[in-house]
Amino acid sequence: MAPVKRSVQRPVIGSLAVVVAMTFLAGCLDPTTGRPPAVGADAPAYSTSTRSVSAAMLGSSWRSGCPVGPADLREVTVAYWGYDGSRHTGRLIVHRTVATDIANVFRRLYDKRFQIRRIHPVTVFGSSDDQSMAANNTSAFNCRRVTGGTSWSEHSYGTAIDINPVQNPYVTRSGTILPSSGAPWADRSLRVPGMVHRNGVVVAAFTSIGWHWGGNWTNPKDFQHFSRSGR
């Protein structure tokens with residue numbers, strides 16, 4: 001009977017070792033420093049507001065010749081739970097036709113206690129997509145070309161949003177990872193705060209307004225990206 005006993009125990013020990021290793025790894029890669037109140041616990045109410053924008057407000061993120069003008073854009077202020085576990089407010093520049101939908105999406109994320117590192121217009125980072133991603137900044141409008149291409153990005157229309165770029169990097173089959181600091185989270189089997197997963201609250205929230213997730217693309221996989229058209 002001894003051989004039978006050993007044959008049963010080995011996979012159990014191996015499975016436990018894998019679970020322990022993955023739990024340890026996820027713990028090491030947890031980017032947060034605090035947790036918001038549990039869902040259902042007392043917490044400040046969600047808040048949001050919307051206002052028109054001007055060319056001066058858009059700064060270097062907009063210029064003459066962009067596919068939409070300031071009159072077509074809105075600044076949506078949303079409440080969110082930060083990586084420190086505290087309530088914050090941030091500003092997103094989006095197309096006027098999606099402003100209400102985006103406010104509702106972030107209400108769902110707030111209610112489900114999804115944590116976001118920071119939310120600022122890209123002008124805070126010199127309208128550099130690279131700098132905004134490196135800062136783990138969640139943002140929307142930026143008049144720029146698609147990554148690696150010449151056509152207008154959907155961000156140029158205010159109908160795309162990138163969520164926690166470091167924990168949800170842009171990944172290609174050839175090995176490109178943007179931002180480079182997102183490399184540890186290219187492993188999508190990890191489950192830590194701030195990550196977007198197929199069956200998670202973020203995908204569900206954006207799907208409810210008819211938006212698409214870049215994590216469903218074949219190549220590249222743009223895990224941070226949500227947009228109205230799907231590209």
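Every read-out reported here was derived from the displayed coordinates using simple, explicitly stated rules and does not represent laboratory data. Note that the structure is a prediction, hence the values are computed from the model and not measured. Every residue, glycine as well, gets a Cβ built from its backbone with ideal geometry; the counts of neighbours run over all protein chains shown.
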TODO: May I ask you to give the average projected area over all directions of the convex hull of the Cα atoms of the stretch 100-191, in nm² rounded to one decimal?
DONE: 6.7
Open item on the list: Roughly how far apart, in whole Å, are the Cα centres of the stretch 211-231 and the stretch 122-146?
Closed with: 17
Task: Residue with peak Gaussian network fluctuation, the chain [Cα springs, cutoff 10 Å], from Met57, Met195, Met133 - done: Met57
Task: Reduced Cα scattering model of the chain, Debye log10 I(q)/I(0), q = 0.08, 0.13 Å⁻¹ - done: -0.32, -0.76
Task: Under 19 Å from the Arg35 label point (7 Å along Cα→beta-carbon), backbone N, the stretch 80-106 - done: 81-88
Open item on the list: Mean-square fluctuation check for the chain, GNM, Cα pairs under 10 Å: which of Ile163, Ile177, Ile119 is largest?
Closed with: Ile177
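Suppose every K and R has +1 on its Cβ and every D and E has -1 on its Cβ; what is the size of the dipole of the chain about the Cα centre, in Debye to the nearest 20? Walk me through the numbers before you get to the answer.
On the way: 25 positive and 13 negative charges, 109 e Å.
My answer is approximately 520 debye.
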TODO: Please identify every one of the trypsin sites (Lys or Arg not before Pro) in the stretch 96-153 that sits in a loop by DSSP and has no more than 16 other beta carbons within 10 Å of its own beta carbon.
DONE: Lys112, Arg144
Open item on the list: As a test of the formula, what do you get for the chain when each DSSP H run with n ≥ 4 contributes -39,500 (n - 2.57) and the sum is divided by the residue count, at 222 nm and rounded to the nearest 500 deg cm²/dmol?
Closed with: -7500 deg cm²/dmol
TODO: Spit out the partnerless Cys residues in the chain, using Cβ distances under 4.7 Å as the pairing rule.
DONE: Cys28
